[in-house]
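> What follows is a structure written as structure tokens; I'll ask about it next.
The values are calculated or read from the model by the stated rules, or taken from the named source; none is laboratory data. Predicted model only: the values in this text are computed from it and were never measured. Neighbour counts run over all protein chains shown; Cβ positions are idealised from the backbone, glycine included.
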């Protein structure tokens with residue numbers, strides 16, 4: 001038999017959550033965001049961003065940690081790499097910036113695992129595709145999603161303007177209206193994994 | 001950087017297609033199919049099925065080979081494992097039955113690669129999920145999708161009642177109406193691969 005990669009998932013209750021100073025979004029509108037993207041593209045070329053799928057379990061079903069901004073918009077923790085930055089280092093830096101306490105003693109052990117999806121932005125627009133569309137020779141962004149393997153106990157410090165939610169796979173699945181095309185197909189991308197549910 | 005698994009994709013024109021005797025579907029309706037599934041479940045327990053993602057390229061964009069039955073319904077080549085049968089052996093057996101000439105000299109070299117998705121059928125119904133839903137302790141089917149790495153030249157013999165189509169990823173993407181939930185999310189599951197497009 002072909003062996004599936006294994007992800008240990010611990011109960012949500014085995015993690016501790018605190019707060020830290022707000023991390024404001026750099027842009028206040030989608031238009032601002034796309035305009036800033038364009039300016040950065042002129043300076044640095046294609047944007048590469050990296051995002052983390054952090055898994056916990058409740059009732060023996062996998063849940064993903066999402067950051068909620070305001071009342072509706074959810075995103076994965078992560079962000080843009082600096083020019084030339086390594087993907088693993090960049091994702092660790094972004095995760096620490098978004099979810100770690102400032103004390104290095106409390107820094108989670110970010111074990112960056114498998115890349116599960118790659119999305120391409122062909123133009124300075126919101127739409128992305130899970131392939132670089134034909135005839136697009138200069139995509140504007142490449143976004144990679146990684147499974148991050150969490151240890152049994154960690155302390156997360158959540159910026160005060162954000163909420164950290166544990167969302168079950170069955171809530172994400174087939175729910176593009178609420179979570180968008182990238183997050184709503186994470187259940188399909190994780191389907192090849194074997195979840196080792198560890199009860200606390 | 002994290003390295004992506006590589007899939008060599010050759011032009012559709014590098015393959016040769018012939019025909020062979022019809023392979024009729026075992027069931028003439030969805031109701032018959034679910035009834036047969038129930039009978040088999042009573043005898044053998046959960047059904048495990050294996051399906052192949054065979055990739056070719058046209059215009060440097062990946063295409064997937066699908067079998068079309070009648071005018072609309074498309075499926076991946078593959079089928080049900082025999083009780084106790086190994087996944088790799090079973091998928092090779094099914095691929096040969098559906099797509100190979102009877103002469104062993106013309107048998108394609110089926111190199112079974114990565115498992116990219118696993119789907120679960122909780123009940124004797126058509127709906128499947130990319131996870132085993134909570135509270136389901138006895139799923140009725142587990143279906144696994146594998147990338148199959150094709151050699152540069154192969155001969156495929158297609159049963160006369162079926163058509164073999166090469167469908168581009170951009171046609172499958174976000175097209176659940178036409179291809180169903182399993183096939184329409186293959187582009188997302190393949191997004192982590194790097195396609196090495198080889199021109200003939």
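> If a residue has to be at pLDDT 95 or above and over 15 Å from the mean Cα position of the chain (by Cα) to count, how many in the stretch B:57-77 make the cut?
Residues flagged as at pLDDT 95 or above and over 15 Å from the mean Cα position of the chain (by Cα) within the stretch B:57-77 amount to 4.
> Take the stretch A:81-92 and flag every residue that is more than 8 Å from chain B (Cβ to nearest Cβ), closer than 22 Å to residue A:149 by Cβ and surrounded by fewer than 19 Cβ atoms within 10 Å (Cβ to Cβ).
Result: A:85, A:89.
> Further, regarding this structure: For residue A:153, work out the one condition from (1) within 30 Å of residue B:135 (Cβ to Cβ); (2) assigned to a strand (DSSP E or B) it doesn't fulfil.
(2)
> Please verify whether the stretch A:175-182 includes one or more residues that are within 13 Å of another protein chain (Cβ to nearest Cβ) and part of a strand (DSSP E or B).
no
> Then there is this: If you go through the stretch B:35-67 one residue at a time, how many are surrounded by 15 or more Cβ atoms within 10 Å (Cβ to Cβ) and either under 29 Å from residue B:86 (Cβ atoms) or more than 14 Å from chain A (Cβ to nearest Cβ) (or both)? Reasoning before the result, please.
Step one: list which residues in the stretch B:35-67 are surrounded by 15 or more Cβ atoms within 10 Å (Cβ to Cβ), which gives B:37, B:40-41, B:47-58, B:61-67.
After this cut, where a residue has to be either under 29 Å from residue B:86 (Cβ atoms) or more than 14 Å from chain A (Cβ to nearest Cβ) (or both) as well, the list is B:37, B:40-41, B:47-56, B:62-67.
Selection size over the stretch B:35-67: 19.
> So residue B:110 fits all but one of (1) in contact with a helix residue (DSSP H, G or I) (Cβ under 6 Å, 6 or more places away or on another chain); (2) more than 10 Å from chain A (Cβ to nearest Cβ); (3) surrounded by 21 or more Cβ atoms within 10 Å (Cβ to Cβ); (4) touching a residue at least 60 places away in the same chain (Cβ under 8 Å); what number is the exception?
(4)
> Go through the stretch B:11-34 and give me each residue that's surrounded by 13 or more Cβ atoms within 10 Å (Cβ to Cβ) and out of contact with any strand residue (DSSP E or B) (no Cβ under 7 Å at 6 or more places or on another chain).
If the condition is that a residue be surrounded by 13 or more Cβ atoms within 10 Å (Cβ to Cβ) and out of contact with any strand residue (DSSP E or B) (no Cβ under 7 Å at 6 or more places or on another chain), then B:14, B:27, B:33, B:34 are the ones that fit.
> Which count do you get for residues in the stretch B:9-52 that are touching a helix residue (DSSP H, G or I) at 6+ places or on another chain (Cβ under 6 Å) and either at positive phi or at pLDDT 95 or above (or both)?
Applying the first criterion (touching a helix residue (DSSP H, G or I) at 6+ places or on another chain (Cβ under 6 Å)) to the stretch B:9-52 yields B:27, B:50, B:52.
Remaining after also requiring either at positive phi or at pLDDT 95 or above (or both): B:50, B:52.
Of the residues in the stretch B:9-52, 2 are touching a helix residue (DSSP H, G or I) at 6+ places or on another chain (Cβ under 6 Å) and either at positive phi or at pLDDT 95 or above (or both).
> Looking at (1) crowded, with 20+ Cβ neighbours inside 10 Å; (2) more than 13 Å from chain B (Cβ to nearest Cβ); (3) not in a loop (DSSP other than H, G, I, E, B), which is the only condition residue A:166 fails?
Only one criterion in (1) crowded, with 20+ Cβ neighbours inside 10 Å; (2) more than 13 Å from chain B (Cβ to nearest Cβ); (3) not in a loop (DSSP other than H, G, I, E, B) is unmet by residue A:166, namely (1).
> For the stretch A:109-139, name all the residues that are under 23 Å from residue A:53 (Cα atoms), part of a loop (DSSP other than H, G, I, E, B) and touching a strand residue (DSSP E or B) at 6+ places or on another chain (Cβ under 7 Å). Full working, then the answer.
Step one: list which residues in the stretch A:109-139 are under 23 Å from residue A:53 (Cα atoms), which gives A:109-121, A:126-132.
Adding the requirement that they be part of a loop (DSSP other than H, G, I, E, B) leaves A:109-110, A:126-128, A:130-132.
Listed by number, the residues that qualify are A:110, A:128, A:130, A:131, A:132.
> Exactly one condition in (1) surrounded by 21 or more Cβ atoms within 10 Å (Cβ to Cβ); (2) farther than 30 Å from residue B:124 by Cα; (3) within 11 Å of chain A (Cβ to nearest Cβ) is false for residue B:185; which is it?
Every condition holds for residue B:185 apart from (2).
> What single numbered condition from (1) closer than 22 Å to residue A:178 by Cβ; (2) assigned to a helix (DSSP H, G or I); (3) touching a residue at least 60 places away in the same chain (Cβ under 8 Å) fails to hold for residue A:67?
With (1) closer than 22 Å to residue A:178 by Cβ; (2) assigned to a helix (DSSP H, G or I); (3) touching a residue at least 60 places away in the same chain (Cβ under 8 Å) applied to residue A:67, the lone miss is (2).
> Please tell me if residue B:101 is surrounded by fewer than 21 Cβ atoms within 10 Å (Cβ to Cβ), modelled with pLDDT under 95, more than 14 Å from every other protein chain (Cβ to nearest Cβ) and not in a helix (DSSP H, G or I). First the steps, then the outcome.
Details: surrounded by fewer than 21 Cβ atoms within 10 Å (Cβ to Cβ): yes; modelled with pLDDT under 95: yes; more than 14 Å from every other protein chain (Cβ to nearest Cβ): yes; not in a helix (DSSP H, G or I): yes.
Criteria met by residue B:101.
> From the list A:56, A:50, A:7, pick out the single residue that is closer than 19 Å to residue A:119 by Cα and part of a strand (DSSP E or B).
Among A:56, A:50, A:7, only A:50 is closer than 19 Å to residue A:119 by Cα and part of a strand (DSSP E or B).
Residue-by-condition table, conditions (1) surrounded by fewer than 17 Cβ atoms within 10 Å (Cβ to Cβ); (2) within 12 Å of another protein chain (Cβ to nearest Cβ):
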| site | (1), (2) |
| --- | --- |
| A:120 | no, yes |
| A:124 | yes, no |
| A:142 | no, yes |
| A:146 | no, yes |
| A:152 | yes, no |
| A:157 | no, no |
| A:162 | no, no |
| A:172 | no, yes |
| A:198 | yes, no |
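> So which residues in the stretch A:164-182 are in contact (Cβ under 8 Å) with a residue 12 or more places away in the chain and closer than 18 Å to residue A:12 by Cβ?
A:164, A:165, A:166, A:167, A:168, A:169, A:170, A:172
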